[in-house]
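The values are calculated or read from the model by the stated rules, or taken from the named source; none is laboratory data. Just so we're clear, the structure is a prediction, and the values are computed from it rather than from any experiment. Methodologically, a virtual Cβ is constructed for each residue, glycine included, from the backbone with ideal geometry; neighbour enumeration extends over all protein chains shown. Please note that ligands, DNA and RNA were not included when accessible areas were found on the heavy atoms of the full protein model with its side chains. Shrake-Rupley method; radii C 1.70, N 1.55, O 1.52, S 1.80 Å.
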Amino acid sequence: MRAFQRACGAHTWRPVLGGVTAAGPGTLRGLAGSGRTYDVVVVGAGVIGSSCSLELRKLGYSTLNVDSNPSPGYGSTSSSSAIVRHFYSFEDSCRLAWEGYHCWKAWADHLEAAPGEDLCVLHEIGCAAVDAPASPAARTYISRVRNSMKACSIPCEEWDLPEIRRRMPYLSTTSYFPPRRIDDDAFGADTGGEIAGLLFCPHAGYVNDPQLAARNVTDAVIRRGGDYRWRAHVVQINCNASGSKVSGVTLQDGSVIEAPIIVNAAGPHSQAVHDLAFAGAGVADDSLVSSKPLKVEVAYLQEPPGSCIDDTMPVIADMDVGVYMRPQMGGQLLVGSVEPECDDLHFIESADHLIEGLSDEWTNIVYRAALRLPSLQVPNTASGLAALYDTTPDWSPIYDRSALRGFYCMRGTSGNQFKNAPVAGRICANIVDGCENGHDHDAMPLTLPLQHVAGSINLGLFSRRREGGGTTGTVLG
């Protein structure tokens, strides 16, 4: 019996345990005319979409993930920097990330993986945030992070300047705030000040292969009887006669897949899928928060000579110069932006219209990184990636039901939710199971009891109808 039913005794709707999953491996089930349906169709098969299916399968729901890509995690998951950190402005966000960390730490157990299975690895190198006294926003952020981490009992350390120099002699402690673009005459000007130090959390790091992480979750879903369909483009969200509830999806090849529940975990395509659902619905969309595909660029560089960053450098979030940095095993450095005010954000209307080449944004983040790492050698040829993130205005995700019954949202997850993917799946299952059993999540938001750390999460934090505000308004959250 499912968790929500145990809690409240509701039995208004129940998936048939074992039902359609009795078909053989690799068989496509749930097609119209076959006499069978799925309980849930999940649109998207990245690390979030597959995590949703994994947790729904644990509750007995039959699932099918449909994805336009050819394999697991081929979309925005593969472009993730895969950082696992707990630095957030809100205590619940911090606690959620702390729970996620424990899942990554025990990844094989989380997946119930077989011995010898090829699994991604959490490199626990720690994470540090620069305390930049010249930046009011950075000081406020650091202060709130300290309070949140203390409330969550997450161990952290304060590194003063001598400690930073001892650990990372190649790192400059000069303050350059505010971040500037390289065509600004004041770029790189010494303000005469220094950063105050670093807030360091040892229980953090990065996952070595985000696409492998998605494949690992996909394998776990398949072991539990879940299905996948690749290179499958959703062209219509189907509804009942009144348009008040979903009834399935139509694919580009004409296939109609019947399901009373649809989860939108389509990453940068999620707003398009959302609009598709309400285009044919008989109810109005009541969302106050939307998501947009945002073009981002990440630089791949060689480590500063003699730095040995694999052994000496944590993940660093640096609002003083406007970048984040982390090692990549093998003497490489990965650099991205924390969206400083001097930069324009490059939103695009359609996720299908990404221009993949690197631009002067790459040059700007590399030169900013070189301010913090003066011995960094800037290459003549740009190396890195341009990709799309699915983002909301406050950079918090939308994990919620919708005004269209049976249609659920797992949106705005790119950039800072990879770390939470194992828990995001449980959030999805919690909301779906609660709402399908009659709970009014809008009036009385559900809570998610945590398994590895103390406390629970108020899922109203991720409401589609939240007013917003309170975060940094950047990828840092």
Pairwise over distinct Cα atoms, reciprocal of the mean inverse distance: report the Kirkwood radius of region 169-225 in Å, one decimal place.
16.0
How much net charge surrounds ARG372 when only other residues with a Cβ under 15 Å from its Cβ are counted (Lys, Arg +1; Asp, Glu -1)?
-1
Per DSSP, loop GluC sites (Glu not before Pro) in region 297-361 with at most 13 further Cβ within 10 Å
GLU341, GLU349, GLU356
May I ask you to give the percent of accessible area on region 153-266 that is carbon plus sulfur, with a probe radius of 1.4 Å?
47
With a 1.4 angstrom probe the carbon and sulfur portion of accessible area for region 43-119, in percent, totals 47
Can you find, among VAL315, SER290, VAL221, the residue sitting farthest towards the positive end of the charge dipole of the chain, where Lys and Arg contribute +1 and Asp and Glu -1 at Cβ?
VAL221
Lys, Arg +1 and Asp, Glu -1 on Cβ, resulting dipole of the chain about Cα centre, debye, nearest 20
1540
If the label point sits 7 Å along Cα→Cβ of ASP286, residues of region 368-410 with amide N under 17 Å come out as 399-409
What is the Å³ per residue value for the convex hull set by the Cα atoms of region 408-464?
87
Between GLU157 and GLU194, how many nm apart are label points set 7 Å from Cα along the C-beta direction?
1.8
What is the sum of charges, Lys and Arg at +1 and Asp and Glu at -1, for the other residues whose Cβ falls under 15 Å from the Cβ of VAL315?
-1
Explain nothing, just the number: dipole magnitude of region 51-127 about its Cα centre with +1 on each Lys and Arg Cβ and -1 on each Asp and Glu Cβ, in debye rounded to the nearest 20.
100
Dipole size in debye (nearest 20) for region 384-430 around its Cα centre, Lys and Arg Cβ +1, Asp and Glu Cβ -1?
200
Can you compute the helix-only [θ] at 222 nm over the chain? Use -39500 (n - 2.57) per DSSP H run of at least 4 residues, normalise by all residues, nearest 500 deg cm²/dmol.
-7500 deg cm²/dmol
Relative contact order of the chain: what whole-number percent is it, with Cα pairs under 8 angstrom and at least 6 residues apart?
22
For TRP230 and ASP311 in the same chain, what is the full-extension length gain: residue separation times 0.36 nm, less their Cα-Cα distance, in nm?
25.2 nm
When averaged across all projection directions, what area in nm² does the alpha-carbon convex hull of region 122-261 cover?
16.0
Farthest toward the dipole's positive end in the chain, which of HIS452, ILE261, GLY357, given Cβ charges of +1 (Lys, Arg) and -1 (Asp, Glu) about the Cα centre?
ILE261
Chymotrypsin sites (Phe, Trp or Tyr not before Pro) within region 71-117: DSSP coil, no more than 13 neighbouring Cβ in 10 Å
none
Suppose the chain between GLU112 and PHE90 were pulled fully straight at 0.36 nm per residue; how much longer would it get relative to their current alpha carbon spacing?
4.8 nm
Taking every DSSP beta bridge that has both residues in the chain, what percent is antiparallel when rounded to the nearest 5?
75
By how many degrees, 0 to 90 and rounded to 10, does the Cα axis of helix 210-223 deviate from the longest principal axis of the chain?
20
Dipole of region 136-196 [Lys/Arg +1, Asp/Glu -1 at C-beta], most positive-end residue of THR140, PHE187, THR174:
THR140
Can you tell me, using C-alpha contacts under 8 Å and at least 6 residues apart, the relative contact order of region 218-370 as a whole percent?
17
Can you figure out the FRET efficiency of HIS346 with THR447, using R₀ = 41 Å and their beta-carbon distance, to the nearest 0.05?
0.65
Rounded tilt (10° steps) of 360-372 against the dominant C-alpha axis of the chain
50
Helix 421-436 versus the longest principal axis of the chain: what angle, 0 to 90°, nearest 10, using Cα atoms?
30
For Cα extents along the principal axes in Å, the listed values are [x] 75, 67, 35; [y] 71, 47, 44; [z] 144, 63, 44; which was obtained by calculation from the structure presented?
[y]
Within region 402-425: backbone nitrogen closer than 17 Å to the ASN240 label point (7 Å, Cα to C-beta):
402-408
Region 69-113: GluC sites (Glu not before Pro) in DSSP loop, at most 14 other beta carbons within 10 Å
GLU112
Cα pairs beyond 15 Å in region 90-181, in percent, come to 72
